[in-house]
1. Which value, in Å³ per residue, describes the convex hull spanned by the Cα atoms of the chain?
2. Taking +1 at the Cβ of each Lys and Arg and -1 at the Cβ of each Asp and Glu, which of 108, 139, 176 sits farthest along the dipole of the range 71-179 towards its positive end, judged by Cα position relative to the Cα centre?
3. Near the amide H of residue 285, under 5 Å away, which other amide H atoms are found, from residues 5 or more places off or on another chain, if H is placed in the peptide plane?
4. So what's the range 84-163 giving for Cα Rg divided by 2.2 N^0.38 Å, two decimals?
5. Using +1 at the Cβ of each Lys and Arg and -1 at the Cβ of each Asp and Glu in the chain, identify which of 288, 167, 468 lies farthest towards the dipole's positive end.
6. In what sequence do 248, 431 fall when counting other Cβ within 10 Å, fewest first?
7. Among 87, 388, which comes first, then next, by fewest other beta-carbon atoms within 10 Å?
8. Counting Lys and Arg as +1 and Asp and Glu as -1, each charge on the Cβ, what is the dipole of the chain about the Cα centre in debye, to the nearest 20?
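FYI, it's all coordinate maths here, none of it is from the lab. Computed from a predicted model, the values in this text were never measured in an experiment. Note: ideal-geometry Cβ built from the backbone for every residue, glycine included; neighbour counts use all protein chains shown.
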Amino acid sequence: MTNTPVIKHTKILATIGPATDSAEKIAALIDSGINGCRMNFSHGSAEERDMQFKLIREYSAKVGKHVAILQDLQGPKIRIGQLKDDMRFDIKAGDEIGLTYGIEHDGGNNLPSQFDLSQGAKPGERIYLFDGKICTIVQRIEGATVWVRAENDGYVISRKSINLPDTNFDQGQILTQKDIADLEWGADKDFDYLAVSFIHKASDIDYIRQVMAERGIDRPIITKLETKMGADPENLEDIVKKSDGVMVARGDLATEAGAEVVPVIQRKIIALCQKHCKISIVATQMMASMVDNPEPTRAEVSDVATAAIEGADVVMLSDETAMGKYPVEAVQAMKKTILYAQEHLPVNPLYVREGSDKRRDSIAESAVLMAERTGADAIVVETTSGKMAKNIAIHRPKCPILAVAPTDRVANQISLLYDTHSFSGQAGEGVEVAQRLFDEGFFAKDSVTIVVVKRSPETTKLPVANTVQLQVLGASE
């Protein structure tokens with residue numbers, strides 16, 4: 001038999017953009033080891049996304065690999081508007097600057113904003129310009145203009161970001177008109193997840209689910225944690241509970257809350273996702289130098305390895321694969337780092353599980369315990385919605401999880417779960433999938449022991465129940 005393939009535990013999510021917007025590049029990304037594709041709705045056209053969908057689904061079907069696709073809404077990403085003649089506007093400490101929604105810039109100190117800041121900002125609050133390079137303090141609100149005082153020297157150019165770490169926006173401002181239009185456009189598209197930006201509190205997620213329900217949209221929500229208020233302990237755990245997964249969006253989070261808090265918040269989020277059985281994604285600048293260079297820095301390698309050792313389900317590439325010069329090499333470097341980390345350091349859950357579904361979690365814990373005590377080679381789980389696979393994965397077992405789902409949609413979704421490998425199949429086909437992999441040399445052993453979690457309605461008076469069984473494939477002992 002062939003050598004057992006080494007399969008990474010932490011999965012890779014890659015952003016699709018101009019650098020990877022072709023059949024050849026998408027195929028190369030999938031072959032290199034990505035498990036999901038992110039479509040960033042801050043950029044690109046509907047025509048481009050339709051083509052990307054087609055290329056991703058066609059190639060993943062060709063190679064027999066489930067690949068999740070994530071729709072990432074822009075959210076209230078606030079930017080400076082178009083400056084006169086696309087000028088560079090210089091700012092000195094102490095300068096007073098106006099920020100006004102929708103105005104045409106005349107070259108003066110009243111700058112256009114792409115969002116009406118006067119509806120939320122208050123005197124004394126901080127507003128950062130140009131990715132946090134300039135700190136300003138709100139002085140007063142005059143009609144639609146927010147007047148601020150610069151705290152340091154710098155400059156701004158057109159369409160650069162504005163961050164308001166102290167400002168609490170209303171729920172109605174969490175989704176912009178563009179977001180609503182993008183959400184409606186994607187309603188009948190083949191998305192597996194929806195990512196939402198700038199969540200401040202758990203009720204924001206309730207609002208988004210209501211908007212989705214009104215439009216007949218039902219898909220898992222990935223909350224992008226990138227605000228100071230969202231990271232506050234009073235809000236963070238409730239946000240995790242209401243989400244289906246949480247992305248540590250470290251770029252805006254560093255600007256909003258301070259770069260020094262990001263490593264601590266990252267670990268807390270991964271732990272809370274394990275506690276409440278949610279998917280955890282670590283994102284932003286993981287291999288940033290590879291936008292221009294063919295090799296990552298040592299710090300970037302350490303960053304990726306740390307996320308894997310902490311037990312993150314997913315690590316994400318942004319500019320590296322969307323617009324970088326070395327998108328495939330970035331995936332390969334990330335995969336190499338993950339594999340080395342998992343081979344040399346054990347991953348232990350950061351939090352003791354407190355599953356909301358005690359019955360399901362007890363079954364999952366029993367399967368993992370049985371696998372560890374028997375030295376099983378895999379856990380096979382038949383899952384209808386993906387919940388049982390998620391409950392097993394959150395315990396971070398020492399052997400891979402082979403999850404069999406009845407639809408491609410569920411199989412795509414669970415492809416992002418930690419050390420979970422998804423297959424399409426019906427109830428009762430889990431052992432057949434494992435047998436096929438065994439026959440193909442997947443395990444590279446003459447016999448393997450598997451723990452099987454299957455749907456077994458015949459064993460109980462309840463409509464449906466799960467059983468945990470031990471089974472040997474190949475030569476018996």
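1. Normalising the Cα hull of the chain by residue number yields 151 Å³.
2. So the residue we want is 176.
3. 318, 319
4. 0.97
5. 468
6. Fewest to most other Cβ atoms nearby, the residues stand as 431, 248.
7. 87, 388
8. 1020 debye
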